[in-house]
Every structure is written in structure tokens, then in C-alpha cells.
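The values are calculated or read from the model by the stated rules, or taken from the named source; none is laboratory data. This one's a predicted model, so the numbers in the text were calculated from it and none came from an experiment. Here the Cβ positions follow ideal geometry from the backbone for every residue, glycine too, while neighbour counts run over all protein chains shown. Calculation scope for accessible area: heavy atoms of the full protein, side chains included, ligands and nucleic acids excluded. Shrake-Rupley method; radii C 1.70, N 1.55, O 1.52, S 1.80 Å.
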Amino acid sequence: MKSTERVRQILSWYPSDNPGTLTNLARLLNHGTLAGTGKLVILPVDQGFEHGPARSFAPNPAAYDPDYHFQLAIDAGCNAYAAPLGFLEAGAAKFAGQVPLILKLNNSDSLAKLEPCSAVTGSVKDALRLGCSAIGFTIYPGSSARNTMYEEIREMILEAKASGLATVIWSYPRGSNLAKDGEQAIDVTAYAAQIACQLGAHVVKVKPPKDIIYQDEAKKVFEKYAIPTKTLADRVRHVVQSSFNGKRVVIFSGGEAKDTPAILDEIKQIAAGGGFGSIMGRNSFQRPRDEALKLLGDVMNIFKNA
Amino acid sequence: MKSTERVRQILSWYPSDNPGTLTNLARLLNHGTLAGTGKLVILPVDQGFEHGPARSFAPNPAAYDPDYHFQLAIDAGCNAYAAPLGFLEAGAAKFAGQVPLILKLNNSDSLAKLEPCSAVTGSVKDALRLGCSAIGFTIYPGSSARNTMYEEIREMILEAKASGLATVIWSYPRGSNLAKDGEQAIDVTAYAAQIACQLGAHVVKVKPPKDIIYQDEAKKVFEKYAIPTKTLADRVRHVVQSSFNGKRVVIFSGGEAKDTPAILDEIKQIAAGGGFGSIMGRNSFQRPRDEALKLLGDVMNIFKNA
Amino acid sequence: MKSTERVRQILSWYPSDNPGTLTNLARLLNHGTLAGTGKLVILPVDQGFEHGPARSFAPNPAAYDPDYHFQLAIDAGCNAYAAPLGFLEAGAAKFAGQVPLILKLNNSDSLAKLEPCSAVTGSVKDALRLGCSAIGFTIYPGSSARNTMYEEIREMILEAKASGLATVIWSYPRGSNLAKDGEQAIDVTAYAAQIACQLGAHVVKVKPPKDIIYQDEAKKVFEKYAIPTKTLADRVRHVVQSSFNGKRVVIFSGGEAKDTPAILDEIKQIAAGGGFGSIMGRNSFQRPRDEALKLLGDVMNIFKNA
Amino acid sequence: MKSTERVRQILSWYPSDNPGTLTNLARLLNHGTLAGTGKLVILPVDQGFEHGPARSFAPNPAAYDPDYHFQLAIDAGCNAYAAPLGFLEAGAAKFAGQVPLILKLNNSDSLAKLEPCSAVTGSVKDALRLGCSAIGFTIYPGSSARNTMYEEIREMILEAKASGLATVIWSYPRGSNLAKDGEQAIDVTAYAAQIACQLGAHVVKVKPPKDIIYQDEAKKVFEKYAIPTKTLADRVRHVVQSSFNGKRVVIFSGGEAKDTPAILDEIKQIAAGGGFGSIMGRNSFQRPRDEALKLLGDVMNIFKNA
Amino acid sequence: MKSTERVRQILSWYPSDNPGTLTNLARLLNHGTLAGTGKLVILPVDQGFEHGPARSFAPNPAAYDPDYHFQLAIDAGCNAYAAPLGFLEAGAAKFAGQVPLILKLNNSDSLAKLEPCSAVTGSVKDALRLGCSAIGFTIYPGSSARNTMYEEIREMILEAKASGLATVIWSYPRGSNLAKDGEQAIDVTAYAAQIACQLGAHVVKVKPPKDIIYQDEAKKVFEKYAIPTKTLADRVRHVVQSSFNGKRVVIFSGGEAKDTPAILDEIKQIAAGGGFGSIMGRNSFQRPRDEALKLLGDVMNIFKNA
């Protein structure tokens, strides 16, 4: 489709990237219900790897099947579908060209309790042979294994950009250096977004930040400059500003499954704060398909009208 | 977009290809006015390289500008735009994601009178960094330099397939082994299509065959089995059958510029014979833009209703 | 042999793979007594490496000889024979083409008590020069060395797939993060199967799961959704469902040597639960040859009639 | 299947080859109606490339379809099916594992009248990704482009052997250095077989030699040592002896289409002379399917009873 | 020289190896006093690296000179001389072709007290340029650095085999996972031999095993199956059986310097148990030359008459 004024504006923020990467960014932005709006709703399904099959799929057993998620992403009008190697290999041929794909290149399971550091489980070559528009990679700022992850993505992002792919970084503060309540603190979340941007991400995914300021040095600054953090919209606004003054696409995950009004409320705040969209896994594929389609439609509507 | 039954059928003819290549084939088939019909109209602009600028662009000086052709392909609803490296580099970022691109990897000029053999002027890596869906390559069966060309495409097609790209082969019989009237003879054209298919092409482009049977051994067979060659539709049908029994996408070039009724007549015959589409360069970009849009629209209509 | 409907169905689950890999998968499925049934019984002999020679071969000293196992696999009508480099090198020429081979690419000995992580002891190039149909690789989910293993198989599976080989992943939860009773818990086993599938395995091998739910978060889900785990058949069914809804080939190891009725009983449960077969090492090669042939025959009969 | 005494004997002639190559040789020898006899009947379909589509397929239009030939080779019980890249890519996934494949790595068309030298149109990597058991390559001893061809196969045969593939060389004397009647002369044919063996071929394909001695120096020797050349059986015997004293597999092509009794007569002579089999293209796929199956069955019977 | 029946039998155990590797194995077996007997006595001089110069060479200062060892190996009629890079570089030209050479590719010094893991100090390319017949490599099963060593030899053995070289693995159990008395226990030694064989070694070198059974699981098996371990001959017999049922060449080191009768007694036991030979460093080069020649001659006599 022809790119809208807004999509062209977003693409203009990445002038170092080759036309291949811009093309794939445009594919993400120009697909599905939100095509052309500059907003994105992405379906991610890496929970089978991250949490195990029963925890992920028992609530809606149709979701054990890899085809299910491709079809859900397509029918819901998502901008893209993101998953690890095995899930994409299972359906990428059957659904070729019907929804942009993001190959999650590293994944973690919850059997070993390690300092957070996902294993690299796919490659840029896999992303090309599977027809993906982007690679996805998780970093855990705050982990002692930080350098391993930052250095892995350094190599992969360089190769991805040379190959004309876009890059989405999941930036989740976590690790032995961070207390639990620091993981979603507003200062830490904004910091995590900044790091992902500095690593060269085109799209950054963070968790919705909470009204906590975790680092003492940050606290002083937030107070001195009266950075508002009361509402989620305030905090999203700060995260977006922290992502190169809004010149990087920042999207927010929904986190654990919750009830529909709570989700929609959160989405409204994200949209109000200038968030570029949502990535919504468990809250969509763990619902019965009809309910998931309805919810995703409602979420997209919110972003559309934001 | 969701693939139609027809598009899924066409993709099923390429079961050796990875999902990346199928995705890019789907992109060609699912874009523009003819999206989903299994038919293609492609805008090729390699004439600047092949014939020189004035011969190519003086009739419509706007066409000196690389942007012109991207915009024409987009506005006309073409399935793809094909050009050499320089032309694609000039506009691929600006028009990122708005029309599938085909990088012509070899090109010839008409300054040197050589045994026909284009120079390789781009690479698969270029195609990736420019966001192309396919590579394009010209072979001249009948040329004494045949082996050079077949061996160049052998290496590039292997790399393209591994990288998830589709391949379009322009197969134009030509060379010192072939008299002028052999170049578009029906037997020779069908043979040229077969060669491109055997080399592994996904899409084959040939010239509309004439009612001439050039090779003596072929003449015997055409007569013995009463293969119809009277009408262009008959001949297109034979070329399509010669392309793996219709299981490869064969499209036809318009050749030199001619008047509109002649063109539309030819298109009707191609469509009636089961041709998968047209590739239309000089007949579109050498006309004023409005006329070109009108003509391309009329051509697409014919294929749509075939 | 011609592929049966069932074999064609199984191959259809791997649409991202090239025809070479599908050919080698078909070789595994179309060989031996169970040819064409979609079931597999594989003879694995890596115990010499894993447990030492006397513990492995003293019960049946003929088994010290590498030729013995090739001949046993052939005469028993197994679908394949799996072993480390040395054992395959010793017999692959003599028995060329008589039974599909799987090269175990990593192995562990029990002299060092390390955090579980096998050493890579062979390569994809070895698999090709020895005429193997597949590579085999062991991962230990739950080990702190998880990332090392997942990243080794990532590279090898990509090379194997490009070379037209199939991949079998042995997925055995183990390591300092996992208590002994967690290793064969149903939730952990299903999770281990899911991980192997997400890493891109064509065939997954796990241990028969026990009626234990190890992870607290999993326990809640198993209870809430009343996932049956009473019988081994129930548990096998859950593992198969957890393997891409039954669209990956999951086979079960027999584990330590036991008496014949106990083995056959276990096999009946595996078959009843929809397991695709068994991999049976010590229980076959540690018996006298005649008894091993009888037992393997009985096992195959159970799968044949399932 | 288990290899027969005869197959094991044949494999013992190639002791420099790794088990992978022996495995693929065994696959050729252990498949189809002649499995285990040490004889081979191979279906080759490169005529679409070599002679053009109408000349090849018009006599039996079902043969325009690539699937047709896979099915014919399977149903006829041929040992293998040989074709160029495009034809194999079209069906290798659908018929995965059902018949050994040989990828013809070089091909020639008859549009250009060049000094005989086929173009390299595929690679060993293609053979691996398509699941082939062997590569095929044509040399034209007597051509001025001899060195090009011998040097191309030198590189490809080395790579094929390292990758565990077998190699079939088509050795057809031809070129400006050879008069027409020399091409199938007994001395020249035996010489062509010797050259293919010296280049490292596992299987050599030549044309049935005629009772002509072409080279003057050869004539003296044939006379002095009274080498019999009267009957085709005599001449086949000399070619087989010339192929490392019968320790290379030499098979014979049928050449142009002819009537059934003539074919069967020729086959009887080839079998009587110790030929290892036939490669039969036009005489099979240009007949209606039923007649082709009947003829191939009769041919196999002759070899079986030889 | 012509290979004896016995040498041909030994070579037949390595059917996966190319003729180059077999040629180099034959060189080891067909050189020196024991040529053709299938027995080997090898002179290894890596003590300069492993223990330091004075500890190694002060007892017989002539041995400081690299030439000394070449000459000793030649004059004593050893099958081969094994040493690290520097020693071989010093004499390989001068003694070119006079004695088969083995390049020890990894070495350890005793300055650092590390978890046992030798450094890779040479390459297969060095072995080729120095005219070696084999590479040598030390592994320490039981070391926590096990994976590093197994993975290093994996790569080097693949390259060595492709280059036509033979491989000798020194397999010395050692490391923090193993108590001192486990290092030469019969179960551990047999296990170490098995591991070397599974890694693809042609020749395995272990220490003479002691009448200790170290692993509890092994103890049960040795008792249950009444595996004799009383005499060294018994134990050597078990190690040989554990080396692919005697189908790998296993030789024994003499260990630390001792008196002549003790040495000869040990050798008699090794020979009686079916050991293939000895590798004798300090016990030869630390004696005056005449005594060394006498001792080596006596040792060879024992093997000759075994």
C-alpha cells in the first residue's frame, strides 16, 4: 500500500538504514487494521518456550497448534506475528506473505534459574529464509550477563541491517542487580528503552512502567525537574521522550493475563501517553478465539482513534 | 493481504523453495490492481541502460527522473517495478514498501556490438539491502556466450533462494547462432521459456512468439502433432505448456512501442492463451503519464477478466 | 519405497524444510518393520561414551563390537541406528545403505561430574561423509549450561537443514536447577519437548514422564484445566500435544534396563497415548541377540497395531 | 534393504570413497525392480533442456509436467531419476524419498551451435538441498572445450565426494575434432568410458558403440589383438573391460526413439555383453504411460535374467 | 614394503578413512623392527614441554638436542617418533623420510596448576608441512575442561582425516572430578580408551591400568560379570576389548622411569593381554644411548614374539 504521511515521517527517523530495512519497517507499519496509522499491535507467542506449553496453551488448547497463531494474527489484523524458530518454521510457508513475521532470535526457558540471559536460538539467515521482516531480541538490563546480550545483539543487528531487516528489541530490566520493584520502575523502564535505542533498535518493546522511581540518582532528577509519573499516560510519555525524543517506535507489552476492562484501560493510557502500540500475547491467545479477536479489535480501535 | 485460492495454488508449484522465497513470490502476486488474481503486470525500466537515455526518455522527459518510475508503478497498481542498480538505489528508500522491487542483476548497453551477454551489474546482497522481492536476470539462448550467462545465474539463483528472494529470468533468444526471424519463432520462444524454467526461475519473461517455426527438427514435431500456432493465443498456450505444463509463471513483454489498440489486442491474445501477465516498459513510460496510467489500467482489466 | 498417506501427512508438517531434509525424514519413516506406519523404533548406542564400556557391554559382550549394533538394527528392522562418531565410522562403509544412520553430535561421559553439558564430538560434515540421514543432539534443559547447548544446536541445525539432513533432539531435563524428581515430571517433560520443537527439531526424544507436576506455576494450570496425568498414556498424550499439537514426531526412550513385561507395558501406554515410537538402547543391546530381536519385534508390533 | 552379495561386491570397487558416497551408490543399486541385482535402469529427462519442449514432450503431452517423470520413474521401478535443476525442484518435495535422484549439473541447449560444452546449471549444494543421491555431468571428449569440462567436473566431483554423493558421468564423444562416424565408434566409446573412469566417476554412461574403429592407431591394435567388435555384445564387453576391467558401473543410453523390438534387441545385446544397465529417456517418456511402463518392465526383465 | 596379512587386517578396521589416512597408518605399521607385525613401539618426547628441560634431559644431556631423539628412534627401529612442534621442526628436514613422525598438537607445562587441559600448540597444517604421518592429541577425561578438549580434537580430527593423516589420542583420566587412585583404575582406563575410540582415534594410548575399580556403578558390573582384573594382562585384555572389541590399535605408556626388569615385566604383561605396543619416553631417552637401544630392542622382541 502507499505509505501515509505519518508512515513516511516515521521512516524518516531512520536515515542511516538502507532501503531494505526501511521497506521491512514499512511492511510492519502498513499491514493490518492499523496500517498507515503509525501504530502497531503485534502478536507475540514465545510463551511456549519461556513458560512451558501447559501454562501457555492449556487455557485455550487450540493454541497448542502453531497454525493457530498465524491465523489469529492475520484475522485480527495485527501488524506482525513474532515467535521463536520452531513456531515460525511450522507455518511460514503455509501463510507466506499474509502477515509480517518477526523471528525471536533469543529465548529463555523457566526450568533453569540463571542470571537472566536468553540463549540465541535463531539467526539472521533463518529470518531471511523464513521471509521475516524483522528480528527480535530480548535484553535484560540489570543482569550480570548484560555484556553477553548486548554483544550478541550488536553482531546480529549489524547483520540484520546489512540484510535489509528491521530489529525489535524487547528490553526488560531484570537480574541480580535489580530488586523486583525496580523492574518496572519508571526511571528503569525509560532507561531500558534508551539502551535499546542506543543499541540500534528500530522498534523497542518495554513493559508499562509503574509509579516507582528506583534509582536514587534518578529520583533526585525526577523531583528536581518535576517529571510527572502519576498516571500511566505520564509515564508512557516519559518513556517515549526517552526514546530519542519520540523518534523511535516504542511499544508496550500487556504482561500477564488480566480481565478485559483492565487491559483496555491500560491501552487507553498507553495511547494517551503517545505509545506507538502494544504487543499482546497471553491476553490474546489464551482467550477463546472470538474473544481474542474482539479484544484485539477493541485495542486497535483505541490506537486508531488516539 | 490474505492469499487467494489461486495464489496459494501458484505457490504450491514451488515446493522446493523456503518460506522466504514463497513470501516474496506472494508479495509480487498480492500487490496492486491484480493482487490475488494470479496475474501480473510489471513495469520494467532498464532501457536507459540498454538503449541509452535519449532513446528511452526523450519521448516523455519526466522519465529521465528515477522517481518517476516508482511513482508510475505505484499509481498504476503494477505488481512490481524492475530496474538496474542505479535506478533502484535512487528511489528505494523514498518509496520503501510501496511496490515490490525486482533488481535487474545484469544489463547490456548498445554501444558495444558484442555477442549477446549482459554484464552482471548488481548482486543478491544489493537486492537485500534495497528491499527487493526478486532478482531479475537476462539470458540470451542462442548466443555463443550462453555458458557464461547460464553459469552466472546458477550461482546467483542459489544465493537468492537461500536468502529468501524470488527470481525472474528474462529469456530472449538472440546471438550469432540465430537468424533474426528465429528470435521470436514459436519453437524458439517455447524453448527459451523451458530453459529458464530448468535454470530454476520462478517467473519467466519471454517475447510474444510469432507464427514462425525456426528449427527444422521442431518443424517436424509441430506438424506431426498439429500444435496450433496460428493465433498469438495459440502460441502463448504452447509457451505456457512448455513452462512445466503451466506450473511456472510466464509473462510476456510488449516489445517495442506501438499504438494502443495494437497493444490491447496483443494483451487480449496473451490473456486468452493463459499467459500470466505482461511486463511493459517503453509502452508505458514513453507515453505521457496519464495515458500510461490509462493504458496500464486497461491492460490490467483485460487480465482481471481473463 | 512409496510413501504412505500417513508418511506424506507427517512430511507436510515440515513445510519450511528443503526436499533434502524431507527425503531424509522419509528415509527414517520408510525403513524397517514400521516403514510407512508413521511410527519409529530407533536403536541408539551412545552408552559406551556416556556410561563406559563395561557398564554398557559386559552384559552382552558381543556388543563391544561396533558391527554388532549395525547388524542388530538391520535384523531387528529398526527405522534407524544412532551412535557417536567412532561407532559410526567403524561400520558405516560395511553396512552402507542398509539402515538410516543418525550421528550423535554431542556426548558426555560420566567421569567428570559437571553441570550437564555434552561435548560436541562430531560435525554436520561428518554426518554427510558417513551417509547419515540425521544429526542427533542432546540438550539438558534445567542445566546452567543451557545457553551453551541451545546455541551449539542453533548453528548445527541451520547447517544440517541447508545440507538436507534431518535433526533429532534428545531433550533431557537435568541440572543444578532441577531436583531429581523434576527430571521426569510431566510438566517438565512436556516443557522439554516444547523447547526441542522451538529449537527446530524434526524428531524429539524425551523420557516417559512420571505422574509428578514439578513446577508450582504448572501445578496450578494442570489443576485448573484438569489435564489428566494418571496413566502414562495420559501423560504421553500431553507431551504429544505439547509438541506443536502433535505436529512434531515425539519418541520416548526406554531408560534403564528392565524386564520384558515392564517394557512392553510401557510401550503399550506410549502407543495408546499417541507416541510416535521408541528409542531403545540398553534394553535391546544388553540382552542376548535373540532376545533383543524378539523384544524389538514385540515392541514394533505394538506400535504397528496402535 | 539389505545389500546382496553382488551389491557389496560392486561397492568394494570404490574403496577410496567415504561411507556417505557408498551409501548413495547403494541407494541407486538397492532401489526399484532391479534392486540388489547390480543392474540399473535410470530414467533421464534432460531433453527439455537439450532439445526443447515440443521435440521432447509433444509426442506424449502429459510429459510436459515435471510430476509425470517422477511418477513414471517410481511406478516403473527405475533405480533413479535424473534431470536438470528446474525439473527436480518442481517435484523433489512431493516425491521425497520415493526414488533416488540424480541432479544433472550441466546442460546444453540446441539453439546455439557451439563447440560442444554444456553450461554448469546446478551445484553440489543444490544436490544436497534437493536430496539427491548423485550428481550427473556430461563431458564431450573430442571437443576443443574439453579442458573446460574436465576441469569443471574435477572441482564438482571433489566436492560431491566430500559431501557423500555419488557421481555419474555422461561421456559422449563429440566436437570439431571428431567426424560424425567417430562419435559412436567402438574405440572412441571405450576411450570415452576410460576417461570418465579416470576422472573419478562412479557410474559411466556411454552410447551403444557401433562396429566402427575410428582412430588409425586404435585400428592397428584392435586388429593385432583380434578384439571382437562384430556384435553389440562384443563391443559392450570391450567397453566394460575398458572401464577398469569391469570395476566401474557402465550403463548405456538408448539414444533416439525407436520401435520396441529394436530397443529390446539392443538391451539383450547390452546385457549379454556385461553392461550394467540402461538409461532410457525418450524411448520411455515419449511413449504413452502404459506402453512406457510395459517397455521399462521388459527391459528390466532382460537385465534381471542376464 | 608389502603389507602383511595382519597389517591389512588392521587397516580393514578403518573403512571410513580415505586411502591417505590408511597410507599413513600403514607407514606407522610398516616401519622399523616391528614392521608388519601389527605391533608398535613409539618414541615420544614431549617431556621437555610437560616437565621442563632439566627434569627431562639432565639424566642424559645428549637428549637436550632435538636431533638426538630422531636418531634414537631411527636407530632403535621404532615405528614412529612423536613430539611437539619445536622438536619436530628442528629435525624433520634432516631426517626426512627416515622415521614416521607424529606431531603432538597439544601440550601442557607444569608451571601453572590448572584444571587439566593442554594448550593447542600445533595444527594439522604443521603436521602436513613437517611430513608427519599422524597428529597426536591428549585428552584428560575427568577434567572439568573436558568439553574444551573433546571439541578441539573434534575439529582437528576432521581436518586430519580430510588431509589423509592418522590420529593418535593420548587418553589420560585426570582432573578435579577424579581422585588420584581413579586415574589408572581399570574401569576408568577402559572408559578412557572407549572415549578416544568414539572421538575417532585410529590409535589410542592409555596408561597400564591398575587393579582398582573406581566407579561404584562399574564395580557392580565387574563383579556381576566376573571381569578378570587380577593381572596386568587381564586388565590390558579388558582395555583392548573396550576399544571396539580390539578393532582399534591400543598402546600403553610406560609411565615414570623405572628399572629394566620392571619395565620388561610390564611389557610382557601388555603383550600377553593383547596390547598393540608401547610408547616409551623417559625410560628410553633418559638412559645412555646404548642402554636405551638395548632396552628398546628387548621390548620389541617381546612384542615380536607375542
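A simple spin-label model places the labels of A:Lys125 and B:Ala90 3.7 nm from each other, with each point 7 Å out along Cα-to-Cβ.
Inter-chain Cβ neighbour count for E:183-195, averaged per residue, equals 4 (cutoff 10 Å, partner chain atoms only). For the range E:108-155, a decrease in accessible area of 30 Å² or greater in the assembled protein chains relative to the isolated chain, with a 1.4 Å probe, applies to E:Arg146, E:Asn147, E:Tyr150, E:Glu151, E:Arg154. Comparing the full protein assembly with the isolated chain, the residues of the range B:75-96 losing at least 30 square angstrom of accessible surface (1.4 Å probe) are B:Ala93, B:Ala96.
Approximating the spin labels as points 7 Å out from Cα along Cα→Cβ, the C:Glu151-to-B:Glu256 distance works out to 6.3 nm.
Computed as a quarter of the hull surface, the mean projected area of the alpha carbon convex hull for the protein assembly as shown stands at 58.9 nm².
How high is the relative contact order of chain C? Use alpha-carbon pairs under 8 Å, at least six apart in sequence, and give a whole percent.
On the way: 617 pairs, mean separation 53.4, N = 306.
Relative CO of chain C lands at 17 percent.
Computed with every protein chain present, the accessible area of B:Arg129 is close to 70 Å² [probe 1.4 Å].
Mean per-residue shielding of peptide A:19-31 is 6, counting Cβ atoms of other chains within 10 Å of each Cβ. Shielding value for D:160-167 is 3, the average number of Cβ atoms from other chains within 10 Å of each residue's Cβ. In chain B, the calculated helix contribution to ellipticity at 222 nm averages -13000 deg cm²/dmol per residue, counting -39,500 (n - 2.57) for every DSSP H run with n ≥ 4.
Structure note, pairs D:Lys2/D:Lys247; C:Lys39/C:Lys207; B:Lys219/D:Lys294: Cα-Cα distances above 23 angstrom occur for B:Lys219/D:Lys294. Which whole-percent values make up P(r) of the range A:1-115 when all C-alpha to C-alpha distances are grouped in 10 Å steps starting at zero? In order of increasing distance, the bins hold 14, 38, 30, 16, 3 percent. Distance between the pseudo-spin-label points of D:Asn305 and C:Glu291 (7 Å out from Cα toward the beta carbon): 5.0 nm. When all protein chains stay in place and ligands, DNA and RNA are ignored, the 1.4 Å accessible-area order of E:Glu217, A:Glu223, B:Glu152, largest first, is A:Glu223, E:Glu217, B:Glu152. Computed with a 1.4 Å probe over protein heavy atoms only, the accessible area of B:Ser123 comes to about 40 Å².
Please report, largest first and rounded to whole Å, the three semi-axes of the ellipsoid equivalent to the range D:49-149, where each semi-axis is the square root of five times an eigenvalue of the C-alpha gyration tensor.
Details: eigenvalues 122, 64, 23 Å².
Over the Cα atoms of the range D:49-149, the semi-axes work out to 25, 18, 11 Å.
Of the whole protein surface, D:Lys224 contributes about 150 Å² of accessible area at a 1.4 Å probe radius.
Using a probe radius of 1.4 Å on protein heavy atoms only, what is the accessible area buried between chains E and C, both sides summed, to the nearest 100 Å²?
Working: alone 12950 and 12970 Å², together 22460 Å².
Counting protein atoms only, the buried area is about 3500 Å².
If you take every DSSP beta bridge fully contained in chain C, what fraction is antiparallel? Give it as a percent rounded to 5.
Details: 2 of 30 bridges.
Among the beta bridges of chain C, antiparallel pairing accounts for roughly 5 percent.
Computed with a 1.4 Å probe over protein heavy atoms only, the accessible surface of chain E comes to 36 Å² per residue. Considering only beta bridges that DSSP places wholly inside the protein assembly as shown, some 5 percent are antiparallel.
Using a 1.4 angstrom probe on the protein heavy atoms only, line up E:Leu178, B:Leu293 by accessible area, largest first.
Numbers: E:Leu178 15, B:Leu293 45 Å².
From most accessible down to least: B:Leu293, E:Leu178.
If you take the alpha carbon atoms of the range C:152-306 and fit the smallest convex hull around them, that volume is 132 Å³ per residue.
Equivalent ellipsoid of chain B: semi-axes from √(5λ) of the C-alpha gyration tensor, largest first, are 26, 22, 21 Å.
In the range C:146-204, inverting the average of 1/r over every pair of distinct C-alpha atoms gives 12.3 Å as the Kirkwood radius. Remark: for residue pairs C:Lys94/E:Lys180; A:Lys113/A:Lys258; B:Lys220/D:Lys180, the C-alpha separation exceeds 31 Å in C:Lys94/E:Lys180. Put a plus charge on the Cβ of each Lys and Arg, a minus charge on the Cβ of each Asp and Glu, and nothing anywhere else: the dipole of the protein assembly as shown about its Cα centre is then about 1540 debye.
From largest accessible area down, sort B:Lys205, E:Lys268; use a 1.4 Å probe on the protein chains.
Numbers: B:Lys205 10, E:Lys268 115 Å².
Largest to smallest exposure gives the sequence E:Lys268, B:Lys205.
Which residues in the range D:160-198 have a backbone N closer than 19 Å to a point placed 7 Å from the Cα of D:Ala272 along the Cα-to-Cβ line? What the label zone holds, given the 19 Å backbone N cut-off, is D:186.
How high is the relative contact order of the range B:64-140? Use alpha-carbon pairs under 8 Å, at least six apart in sequence, and give a whole percent.
Numbers: 110 pairs, mean separation 23.5, N = 77.
Once normalised by length, the contact order is 30 percent.
With coordinates expressed along the principal axes, the C-alpha atoms belonging to the range B:222-289 extend over 47, 24, 16 Å, beginning with the largest.
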